[in-house]
1. If you line up the long axis of helix 201-229 against the longest principal axis of the chain, both from Cα atoms, how many degrees apart are they, to the nearest 10?
2. Please state the charge dipole magnitude for the chain, taken about the Cα centre, from unit charges on C-beta atoms (+1 on K and R, -1 on D and E), reported in debye and rounded to the nearest 20.
3. Can you give the relative contact order of the chain as a percent, counting alpha carbon pairs under 8 Å and 6+ residues apart?
4. Output the 0 to 90 degree angle, nearest 10, between the alpha-carbon long axis of helix 3-22 and the longest principal axis computed from the alpha carbons of the chain.
5. Output wanted: per-residue J couplings in Hz (rounded whole) for the range 124-132, from phi through Karplus 6.51 cos²θ - 1.76 cosθ + 1.60, θ = phi - 60°, x for Gly and Pro.
6. To the nearest 20 Debye, how big is the dipole of the range 177-231 about its Cα centre, given +1 on the beta carbon of each Lys and Arg and -1 on that of each Asp and Glu?
7. Quick one: if you stick a label point 7 Å off each Cα along the C-beta vector at A13 and S209, how many nm between them?
8. Using the Karplus curve 6.51 cos²θ - 1.76 cosθ + 1.60 with θ = phi - 60°, what ³J(HN,Hα) values do you get for each residue of the range 24-32, in whole Hz, with x for Gly and Pro?
Amino acid sequence: MDLLSLAGLLLAATSIIVGSILKGAGVKGLIGGAAFMIVVVGTIAAILLQTPMATFRRALGIAAWIFRPPAGDTTGIVRKIVEWSNIARKQGLLGLESSLEQESDEFMKKGLQALVDGSEPDAIRQVMEIELESREHADFAAARVFEGMGIYAPTLGIIGAVLGLMAVMQNLADPSKLGPGIAAAFTATVYGIGLANLVFLPMANKLKSVITEQSRMRQMCIEGLIAIAEGENPRNIEAKLNGYMHH
């Protein structure tokens, strides 16, 4: 569990609610069905229009990374690769077949399979880097879905405010309705700017940082597997991979 994300979300909600109370608007001032429809539903509609189905599904799939990012045991990966290099040194690359059956990570398994098949180091690198680039591209495209929502939400908030003011202008003959009407009109602006800057854009940036870390670990795996294919000394491989742990 990423406690920083949880704390950030709770503090974001608290800042808006408590701020509204301290300003005298109260919690009721933040509740608006029309504002919700225009900003939230409108933002979803805009992003659906913009996004391919596969990317949208991927975005829904990685949203949980905000609170539970993929497990990344860098030390364990280094230990595993060094163990593979020792096996390859003693038994040859075919000795890694048993390790291949036990490996659960699909990315590492693909590289290990290439090793067992006796592929050339350059061929292994090419295949693995294409796989890495493909995954990275799909994940970043999914993260940009939330970035897009952060762009559309404030604009829709302004639209909601304008529509609310239009409704107020129609009731100028009744002064008692002007104050509550104007307040309700600006609720949509709060929704739009608040969701964009406290939820959607931070989510996109957090996801991008998780994706970058995942790519770094996969790049480390590629370098380790290439080193095994080139027959490097296990100690040298360990020293090389340990450099990734200082980032």
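1. 10
2. Dipole magnitude for the chain comes out near 1040 debye.
3. Reported as a whole number, the value is 31 percent.
4. Result, in degrees: 10.
5. Coupling constants for the range 124-132: 4, 4, 4, 5, 5, 6, 5, 4, 4 Hz.
6. 360
7. Placing both labels 7 Å along Cα→Cβ, they lie 2.1 nm apart.
8. x, 6, x, 5, 4, x, 8, 9, x
Each value in this text was obtained by applying a stated rule to the coordinates, not by laboratory testing. Computed from a prediction, not measured in an experiment: that's the story for all the values here. Heads up, the Cβs are rebuilt from the backbone with ideal geometry, glycines too, and the neighbour counts pull from every protein chain shown.
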